[in-house]
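The values are calculated or read from the model by the stated rules, or taken from the named source; none is laboratory data. The structure presented is a predicted model; accordingly, all values stated were derived computationally and were not measured. In this analysis, Cβ positions are derived from the backbone assuming ideal geometry, glycine residues included, and neighbour counts consider all displayed protein chains.
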Amino acid sequence: MLLRGTDPLEVCQEVVARGLHPEEIDVDTGDQILPLVLDDRHHLLTWIRLYSRCLAASTLFLAGAVDRCVWEIDAALIAAEDAPCFLDEIYLAELRDLLRSAREQMLAGETDIEHYGPYVALTEAENLCATRMIRREVHADRRRYPRT
Amino acid sequence: MVGQLGRIPYERYFETSVVPEPGVPMHSYAYLRRLTFDVLETSPVWDTHAHLGRDRDGRSLGLDDLLRDLDEYHVDGTVVFAFDDPDQGVDFRVPNERVWAAYEQAPDRLIPFMRLNPNGPWQPEYRRCLDCGHRGIKLHPRAQDFPLGSPAAREVFGQAAADGLPVLVHTGYGTGAVSTELAAIARELPDLLLILGHSTFVDMPRAVAVLAAYPNIYFETSVVGAYDLFEVLDTIGPFRVLYGSDLPYASSANSLHELAVMANIVGVEAAHFADLFGGNLLRLLGRG
């Protein structure tokens, strides 16, 4: 089913109000048509890809390999550039901000193991990716093992 | 398949209460307010972990910038202490004095903790800060290079317990597995209020299993992996978890966001969000 809109909140509220399944909705933003959300496999792969890039960047920073770290950040920025679905663009925009922040800090000279700032920004980027993956898993788990 | 179960699990994909509106970025107050069930608007919000002054790594934070960040997200105030300051000398007196001077400019917004070096002559500085009115102690085992279980550190813990001062210990970036040592300290000093900066993430998930039994141990949430924060919230529960940011290294926005999202995912009841974001800290300090 195709819904029109650019406001994620309104689109999500309409999906709930009409009892539609999120995985069966495409959204026409006027500029493009995107799935509202990804199915489980593509959702997981998207965020694993981004998480692994962030984790690699963080590890390279801790190893003192700043050039390779920036290379990984650039790769993560490429992977986060085109929204694969309507709703994830919100989270990808935030991820890009965190990655650029880490990049700018390193290019400004925070390149040593004693510099804590890039590590923090990359940890926050990892966390954003992890929370996107955890949300679905926890709710799947809760259906199987509901809280008493 | 989902339809056969009778209900579409919308919360797997989004939560209508926390989907950002157009033009409202995730780091905006408007979004974070909704994400925290309006706690930012309706309850005291206090940060347990912020630095003032400057660090050997080149970072710095002044009072005006600190208050600007807090104001943007309606954070009422924060615990503050010195960085690993290049002017620390043998006893942190100079940076502790700077923190106190900032406190005097904003006494309703700051809770000053003294930073000490157990390897140095810490007792006179401890006494001076205690007499001034510092409300707690910050220790950093990596930066000041001491084991938590060392005799010198245990002396600090013992003195803090005797005087009723909480101790915030760095248990994050660059530290090793410390839960066994922390458990021993908590067991020997049941009156000591021990705040674990960064929630002992290096020692997860063992740390929550080992430390859950000690009611005098609190977990502070700054710069903690999402999966580790899940363990803390799920195992320890909402009453011994303290919101922290580690300003200026992380922002209030990202720190509030991560704790709120993970508390939501873990299933912490909305009624307990006020405890996480300030209530627990204020009670710990006798101000709640």
Check: For A:Gly64, are the conditions met, namely being farther than 30 Å from B:Val224 by Cα, part of a loop (DSSP other than H, G, I, E, B) and either over 16 Å from the mean Cα position of the chain (by Cα) or of a type outside the set (A, V, I, L, M) (or both)?
Finding: no
Checked A:Arg53, A:Arg103 against criteria (crowded, with 22+ Cβ neighbours inside 10 Å, more than 14 Å from every other protein chain (Cβ to nearest Cβ), out of contact with any strand residue (DSSP E or B) (no Cβ under 9 Å at 6 or more places or on another chain) and closer than 30 Å to A:Leu122 by Cα); the one match is A:Arg53
Restricting the range A:26-60 to residues that are among the polar types (S, T, N, Q) and over 15 Å from the mean Cα position of the chain (by Cα), the one nearest to A:Ala76 (Cα to Cα) turns out to be A:Ser58
Of (1) surrounded by fewer than 20 Cβ atoms within 10 Å (Cβ to Cβ); (2) more than 30 Å from A:Met106 (Cβ to Cβ), A:Gly64 fails just (2)
Being surrounded by 15 or more Cβ atoms within 10 Å (Cβ to Cβ) and of a type in the set (S, T, N, Q) narrows B:Gln144, B:Gln105, B:Gln123 down to just B:Gln144
Among the residues that make up the range B:147-167, is at least one of them of a type in the set (Lys, Arg), over 17 Å from the mean Cα position of the chain (by Cα) and assigned to a helix (DSSP H, G or I)?
yes
Residues of the range B:169-190 being in contact with a strand residue (DSSP E or B) (Cβ under 9 Å, 6 or more places away or on another chain) and of a type in the set (A, V, I, L, M), in sequence order, are B:Val169, B:Val178, B:Leu182, B:Ala183, B:Ile185, B:Ala186
Checked against (1) over 18 Å from B:Ala260 (Cβ atoms); (2) at pLDDT below 85; (3) of a type outside the set (Asp, Glu); (4) in a helix (DSSP H, G or I), A:Leu122 satisfies every condition except (2)
Residue hits (the range B:46-61; over 9 Å from the mean Cα position of the chain (by Cα), more than 8 Å from every other protein chain (Cβ to nearest Cβ) and touching a residue at least 60 places away in the same chain (Cβ under 8 Å)) are B:Trp46, B:His51, B:Ser60, B:Leu61
Q. Quick one: is B:Ser255 within 12 Å of another protein chain (Cβ to nearest Cβ), assigned to a loop (DSSP other than H, G, I, E, B) and small (Gly, Ala, Ser)?
A. no
